[in-house]
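Here is the structure we will look at.
Nothing in this text is a laboratory measurement; each read-out follows from the coordinates by a stated rule. Keep in mind that what you see is a predicted model, and the values were worked out from it rather than measured. Glycine gets a Cβ as well: all are built from the backbone with ideal geometry, and neighbour counts include every protein chain shown.
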Amino acid sequence: MTSTKRLYEGMHLVAVANPATATNASPLRTGAVDMTKYRRVIAVAALGNMSAQAIDFKLESSKVSTFNDSPSSTADVVKATQLSGHASNNDNKQIVLECSGGDLTGGTRDLRGSLTIAAASPDTGGPACIMIFGEPFYSNETRLSSVVETKVA
């Protein structure tokens, strides 16, 4: 049986970290996603011209949507294998992570993407962004208000 459902109807852009310079002093992070509203999410980190530093990308959860950033309040849900620091090997690459609400543990329900560069002192990386797409349980879940247009051919 062929479905007439459009891909954008089944997947919503639910969180972003707009393009910015990744640093180790200030991780690039998305807003919170309430995983009680989504079956699964897929997160994409898009890397630009990165500096020669290791790159860490993960999805982490918390019991509160404000993500009190103490280590005891967040839990890693899924982590990408760290990209080793290199002057050009990480340039213009993407990392994709996926999880479901059942992957969250310890009573957590909110999820976010987090990207950092691993350097010994505050240092600047390269430009990056994160986009999280979610498959909602119900079709009336809202999309991000920053999405200005959706067109279908």
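Quick notes on this structure:
- Under 14 Å, Cβ to Cβ, from SER84 - net charge with Lys/Arg +1 and Asp/Glu -1: -1
- Taking only the alpha carbons of segment 37-112, we obtain Rg and Dmax values of 14.1, 40 Å in that order.
- Farthest positive-ward along the chain dipole, Cα basis, beta-carbon charges - from ALA87, SER51, LEU28: LEU28
- Longest segment of the chain lacking chymotrypsin sites (Phe, Trp or Tyr not before Pro) that sit in a DSSP loop with at most 12 other Cβ atoms within 10 Å: 1-136
- Lysine pairs in the chain with Cα atoms under 21 Å, if 8 or more residues apart or on separate chains: 8
- Computed per residue of the chain from DSSP H runs no shorter than four, each worth -39500 (n - 2.57), the mean residue ellipticity at 222 nm is -500 deg cm²/dmol.
- Among VAL78, ALA118, GLY101 the positive-end extreme of the charge dipole of the chain (Cβ point charges): GLY101
- 37 °C / 0.692 mPa s Stokes-Einstein diffusion coefficient of the chain, Kirkwood radius on C-alpha pairs, µm²/s: 202
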